[in-house]
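For reference, the structure discussed in these notes is given below.
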Amino acid sequence: MPKKTRRKKQVTPERLMQLSFAYAPPLVISAGVSNKVFDSLEDGAKTAKQVAEETGASARALRILMNALVGLDLLKKHRQGKYSLTPESAAFLLSNKPGTHAGFFGTIAPQLILRWLRLSDIVREGHPAVAVNQETEGTEFFSQLVENIIPMSYPPAQKLGDHLKLARTRNEIRVLDLAAGSGIWGIALAQKSPRVRVTAVDWAGMIPTTKRITRNFGVADRFQFIEGDLLEANFGNGYDIAILGHILHSEGEERSRELLKKTFRPLKSGGTIAIAEWLVNDERTEPLPSLMFAVQMLVNTDKGDTFSFNEIKSWLEDAGFRKVRKLKAPGPSPLILATRP
């Protein structure tokens, strides 16, 4: 059968005008979160004036903002000027929900957008003003980020645990969680079985955050911690599973290849490496979110990028891994799994 080609939208002046306001939605959502618009509507529909009385924000400004949120399908508008939550905003933008994205939009998104404002200079100069993959700058940034992106990583981590049948294991399973951040990848696996033991590796300044979140999830007693740069720290050995949850894109190709070779050594024969990434196709023409994430790496790191499955597959095979395959999972891309022979 002939290969189907993706039909692209025609770039017209009207389309370009629409794109000129593409920066607006995350800032509109951020303003809604920061001014407690979604939280105020949790107990029922209200007018902009009623939300203003609850939150202390301007009634006129809230009316304009909430109309924009209606246009984004994140609020519903009713008769008499009342607004209510949609199923999506109720699920993901209330600050007290377990899977909330409110923290990301309220705190992290505005920081990222400020960095993007220097994109023209970065393209000309070839490097960002601040590289968050460096320990000093990165610790402060990631300490704020990692907890807010748990909703992105938790579902695929749970899927990985199910795929590896951890709930059925009768033996101790040792997991190496590299650049653990929040620890959510190891946490999700530890929740599958009391026999799972996790070693979390990250910068010294990140470990207190990891420890706090493992305590919040009730699995801290099954974690141990190693401080240091990924290419310098001593991982130990005897692991059944190694996890690289959205790490390679910030490391760049050279460090990623070294890291995969280093990760091969402490795994047992038959052990599995699991990699989460924003994958692009071989031609680097799609999908759009992963192409944009590559620009995110340009803005925030010295050598970061997004990569294709086949690129990462070749690196894994060069490191000695075999049976490189994809695992469909929630998230921007499938997981990549490989086995140490």
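The values are calculated or read from the model by the stated rules, or taken from the named source; none is laboratory data. Bear in mind the structure is a predicted one, so any value in this text is a computation, not a measurement. Positions of Cβ are backbone-derived with ideal geometry, glycine not excepted, and every protein chain shown enters the neighbour counts. Ligands, DNA and RNA are excluded from the accessible area calculation, which covers all protein heavy atoms including side chains. Shrake-Rupley method; radii C 1.70, N 1.55, O 1.52, S 1.80 Å.
Please determine whether any residue of segment 243-253 is assigned to a loop (DSSP other than H, G, I, E, B), open to solvent by 20 Å² or more (accessible area, probe 1.4 Å), in contact with a strand residue (DSSP E or B) (Cβ under 8 Å, 6 or more places away or on another chain) and farther than 24 Å from ALA329 by Cα. Looking for residues that are assigned to a loop (DSSP other than H, G, I, E, B), open to solvent by 20 Å² or more (accessible area, probe 1.4 Å), in contact with a strand residue (DSSP E or B) (Cβ under 8 Å, 6 or more places away or on another chain) and farther than 24 Å from ALA329 by Cα, one finds none in segment 243-253, hence no. Of the helices (runs of 4 or more DSSP H) that lie entirely inside segment 1-106, those containing 2 or more residues that are closer than 30 Å to GLU286 by Cα and over 22 Å from the mean Cα position of the chain (by Cα) span 13-20, 59-71. Can you find even one residue in segment 276-289 that is outside any loop (DSSP other than H, G, I, E, B), surrounded by 22 or more Cβ atoms within 10 Å (Cβ to Cβ) and among the β-branched types (Val, Ile, Thr)? Within segment 276-289, one or more residues are outside any loop (DSSP other than H, G, I, E, B), surrounded by 22 or more Cβ atoms within 10 Å (Cβ to Cβ) and among the β-branched types (Val, Ile, Thr).
The set of residues from segment 257-270 being touching a Leu at 6+ places or on another chain (Cβ under 9 Å) and assigned to a strand (DSSP E or B) comprises just one member, LEU267. Within segment 273-314, the set of residues being in contact with a helix residue (DSSP H, G or I) (Cβ under 8 Å, 6 or more places away or on another chain), more than 16 Å from SER250 (Cα to Cα) and touching a residue at least 40 places away in the same chain (Cβ under 8 Å) comprises ILE273, ALA274. Taken together, the criteria place LYS46 among residues that are basic (Lys, Arg), open to solvent by less than 100 Å² (accessible area, probe 1.4 Å) and farther than 23 Å from LEU145 by Cβ. All conditions but one from (1) of a type outside the set (S, T, N, Q); (2) touching a residue at least 40 places away in the same chain (Cβ under 8 Å); (3) in a strand (DSSP E or B) apply to PRO332; the one that does not is (3).
Only one of LEU248, LEU230, LEU267, LEU244 is out of contact with any Ser or Thr (no Cβ under 8 Å at 6 or more places or on another chain) and under 30 Å from HIS127 (Cβ atoms). Can you tell me which?
LEU230
Scoring VAL123 on the criteria (1) of a type in the set (A, V, I, L, M); (2) at positive phi; (3) more than 16 Å from the chain's Cα centre (by Cα) leaves a single failure, condition (2).
Restricting segment 1-26 to residues that are open to solvent by 70 Å² or more (accessible area, probe 1.4 Å) and within 18 Å of ALA109 (Cα to Cα) leaves a set whose member that is modelled with the highest pLDDT is TYR23. Can you tell me which residue is modelled with the lowest pLDDT among those in segment 303-334 that are small (Gly, Ala, Ser) and within 21 Å of the chain's Cα centre (by Cα)? The qualifying residue modelled with the lowest pLDDT is GLY331.
Each residue in segment 30-58 was checked for being closer than 16 Å to ILE108 by Cβ, in contact with a Leu (Cβ under 7 Å, 6 or more places away or on another chain) and touching a residue at least 40 places away in the same chain (Cβ under 8 Å), and 2 of them qualify. THR339 meets each of the listed conditions (1) open to solvent by 10 Å² or more (accessible area, probe 1.4 Å); (2) under 23 Å from the mean Cα position of the chain (by Cα) apart from (2). Residues that are closer than 24 Å to SER182 by Cβ, among the charged types (D, E, K, R) and touching a helix residue (DSSP H, G or I) at 6+ places or on another chain (Cβ under 8 Å) within segment 242-272 comprise just one, GLU251. Taken over segment 66-90, the criterion of being open to solvent by less than 40 Å² (accessible area, probe 1.4 Å), under 22 Å from ASN148 (Cβ atoms) and out of contact with any helix residue (DSSP H, G or I) (no Cβ under 6 Å at 6 or more places or on another chain) is satisfied by LEU85, THR86, ALA90.
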